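S.K.: Dumping the structure here so I can ask a few things about it.
Just so it is clear, none of the values below were taken in a lab; they were calculated from the coordinates. Since this is a predicted model, take the numbers as computed values, not measurements. We place every Cβ from the backbone using ideal geometry, glycine too, and count neighbours over all the protein chains shown.
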Amino acid sequence: MYIPQHFAESRIEVLHGLMRAHPLATLVTLCGAGIDANHIPLHLSEDAGQFGRLQGHVARANPVWRNLAAEVEALAIFHGPQGYISPSWYPTKKQHGQVVPTWNYAVVHAYGTLQVIQDPDWIRNQLEALTRQSEAALAEPWSIADAPPDYIERLAAGIVGIEMVITRLSGKWKASQNQPPGNQAGVITGLGEQGAAELAALVAERSRNTR
C-alpha cells in the first residue's frame, strides 16, 4: 500500500481501534487458482506477539480453507470511514480555482500466515468471543447460550476456524492532512452536511494534529 508520510498511521492502539470498530475484513489469500478474497468479520485479540492475533470462521463449503498456499502470507484489510471530498467545500476554490475532488478514508492492513482450525472447542470459543464483541453495544445482548445447544452444535459443524498471528501492521489515514486549515474546516462542514459524521470527526482529529 502506498502511504505518503503525512497519511501514515503506525500507532498500534489506533490501528487496533479501527479494527475493532470495523471488524468486517477483506481477507486476501493465495490459492492454487490465484488470488482469492473473502469478506469475513474477524475478532482481534492482543494475546499474541507485538500486533495481536485475528480469529474468525468460514463456511466449510468455502474453498478458501482447503486451497491455501502453504506458508504464504495472507492480508486482512480493515476499512474505516470513507467518503468523497468535493472541491466545492474548499475556500481556496473561490480564491484561485486550483482544486480537484478526492476521496478520504482510513484503512488498516494486517499481514500474517493463516492457520486453519477444526477443533470444536476452539470454534465455540471463537463464536462466543465474536458474538460478545458484536452484541456489546445492545441493550439486551444476544448470547449463543440463548439458542438450543443442538442447533448451535449443528451449525458449528458447518464452519471452519481461521487464525492469523499478525506479523506486521500498516495504516493509512487519508483525512485532508495535506490541505490548509481553511480547506480542512470546509471538508468537516461539508461532510457533516452529508451525514458523514464519523469521517468528519476523523478529519477534525487529524486537522488538529497538523496545526
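S.K.: Where the only charges are on Cβ atoms (+1 Lys, Arg; -1 Asp, Glu), what is the dipole of the chain about its Cα centre, to the nearest 20 debye?
M.R.: Charge dipole, the chain, about its Cα centre: 1080 debye, nearest 20.
S.K.: Right, something else. Of the chymotrypsin sites (Phe, Trp or Tyr not before Pro) in the stretch 1-61, which ones lie in a loop per DSSP and count no more than 10 other C-beta atoms within 10 Å? Intermediate results must be reported in sequence, preceding the final value.
M.R.: On the way: sites: 2, 7, 51; in loops: 2, 51.
Those that pass, being in a loop and sparsely packed, are 2.
S.K.: Go ahead and run the numbers for FRET between residue 77 and residue 147, Cβ-Cβ distance against an R0 of 35 Å, rounding to 0.05.
M.R.: The formula returns an efficiency of 0.65 here.
S.K.: Could you compute the net charge surrounding residue 38? Neighbours are other residues with a C-beta less than 14 Å from the C-beta of residue 38; K and R count +1, D and E count -1.
M.R.: Its environment carries a net charge of +1.
S.K.: What do the square roots of 5 times the Cα gyration tensor eigenvalues come to for the chain, in whole Å, largest first, as semi-axes of the equivalent ellipsoid?
M.R.: 38, 20, 15
S.K.: Something else now. R0 = 41 Å: FRET efficiency of residue 66 with residue 138, Cβ-based, nearest 0.05? Don't skip to the answer; put the middle values down first.
M.R.: Numbers: r = 35 Å, r/R0 = 0.86.
My answer for the efficiency is 0.70.
S.K.: Related question: Hey, what angle do you get for helix 12-21 against the long axis of the chain, alpha-carbon based, 0 to 90 degrees rounded to 10?
M.R.: 70 degrees
S.K.: To the nearest 10 degrees, how steep is helix 181-193 against the longest Cα principal axis of the chain, on a 0 to 90 scale?
M.R.: 60 degrees
S.K.: Starting from the Cα of residue 96, step 7 Å along the direction of its Cβ; do the same at residue 156; then give the gap between the two resulting points in nm.
M.R.: Here the modelled spin labels are 6.3 nm apart.
S.K.: Specify which residue in the list 39, 91, 68 is farthest towards the positive end of the charge dipole of the stretch 1-93, using unit charges on the beta carbon of Lys, Arg (+1) and Asp, Glu (-1), about the Cα centre.
M.R.: Going by the charge dipole, the pick is 91.
S.K.: As a test of the formula, what do you get for the chain when each DSSP H run with n ≥ 4 contributes -39,500 (n - 2.57) and the sum is divided by the residue count, at 222 nm and rounded to the nearest 500 deg cm²/dmol?
M.R.: The helix contribution divided over the chain gives -9000 deg cm²/dmol.
S.K.: Please give the length that would be gained between residue 178 and residue 12 if that part of the chain were fully extended, namely 0.36 nm times their separation in residues minus their C-alpha to C-alpha distance (nm, one decimal).
M.R.: Value of the extension gain: 57.5 nm.
S.K.: So if I take the centroid of the Cα atoms in the stretch 1-51 and the same for the stretch 143-176, what is the distance between those two points in Å?
M.R.: With the stretch 1-51 and the stretch 143-176 each reduced to a Cα centre, they are spaced 14 Å.
S.K.: With axes computed from alpha carbons, what is the tilt in degrees of helix 197-209 against the longest principal axis of the chain, rounded to the nearest 10 within 0 to 90?
M.R.: It is inclined by approximately 60 degrees.
S.K.: Please turn the phi angles of the stretch 103-116 into ³J(HN,Hα) values with the Karplus equation 6.51 cos²θ - 1.76 cosθ + 1.60 (θ = phi - 60°), one per residue in order, whole Hz, x for glycine and proline.
M.R.: Values, residue by residue: 10, 9, 6, 10, 8, 10, 10, 10, 10, x, 7, 8, 10, 9 Hz.
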